[in-house]
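Working notes for the structure below.
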């Protein structure tokens, strides 16, 4: 991944630098904390699992400058940064939501559960006249995968007039290290048999990092100064190495994740 990092950063920054006519300036002068209670609906690619759903409580950290009115709508955004190129380097943390419970499918009998990990890293966001580019990456700190995951994403705020709704289409690519890919989609030697001892799958190991493309959107709607609604949808198309795994449904090449959330920011 190290050899790709300079290239990814260049892709994000060069378009704006070509259009820049003023010195670049940034400001981070405010930190806000909050939480999001979310409901998720997923259509994964694992064998025998058609849909999954569940609730989660996730912390929110917002770094300024962001100014909002009494309804929670951002104001003075154009004056928050000076210059055509705006970039912010921020910490990245959160749960990496993959995996499955083997008990959810008879076709996964004999497999061990695959749990979500908690990753820490950095996120570089570059707002340009062409839209916003986000490069991020983080390492698992829970010992679940002991691997690295990163992404390059393009997004942009759609103009919706005076509406309080903020809608962001998203497109990009995820990078998963060999350790991450193998943890979720590999088959260990002791996982080739089901609970009765019958051999039902071959041992499988992913030999390299994987690259998975995604397309979707996220939306935010403020209710008050502190409360708001969030929604996101993302469809991901997986690397061939992942699709060849014995735990992946032969008829699936992509998954779908939908989330609805209620947020509170202090």
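Could you put 152, 160 in order, starting from the residue whose Cβ has the fewest other Cβ atoms within 10 Å? Present the calculation step by step, with values, prior to reporting the outcome.
On the way: 152 21, 160 10.
Going from least to most buried by this count: 160, 152.
Take the alpha carbon gyration tensor of the range 181-266, find the square roots of its eigenvalues, order them as a ≥ b ≥ c, and report rounded if a/c is under 1.5; if not, report prolate when a/b exceeds b/c, else oblate.
Details: a/c = 3.36, a/b = 2.44, b/c = 1.38.
The shape class here is prolate.
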How much FRET efficiency would the formula 1/(1 + (r/R0)^6) give for residue 130 and residue 217, where r is the Cβ-Cβ distance and R0 is 22 Å, rounded to 0.05? 0.80
Counting only the backbone N, which residues of the range 150-190 are under 15 Å from the spot 7 Å out from the Cα of residue 40 toward its beta-carbon? 184
Residues residue 195 and residue 53, FRET efficiency given R0 of 30 Å [Cβ-Cβ distance, rounded to 0.05]: 0.70
Ranked from fewest to most other Cβ atoms within 10 Å of their own Cβ, 242, 173 fall in the order 173, 242
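For 176, 227, what ranking results if the residue with the fewest other Cβ atoms within 10 Å of its Cβ goes first?
Details: 176 29, 227 13.
Result, fewest neighbours first: 227, 176.
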Given a Förster distance of 22 Å, report the FRET efficiency between residue 252 and residue 203 from their Cβ-Cβ distance, rounded to the nearest 0.05. 0.55
Pair residue 233, residue 141: separation of 7 Å Cα→Cβ label points (nm): 3.4
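All of the numbers you see were taken from the coordinates with simple rules; none came from a lab. Quick caveat: nothing in here was measured; it's all calculated off a predicted structure. As a convention, Cβ positions derive from the backbone with ideal geometry for all residues, glycine included, and neighbour counts pool all protein chains shown.
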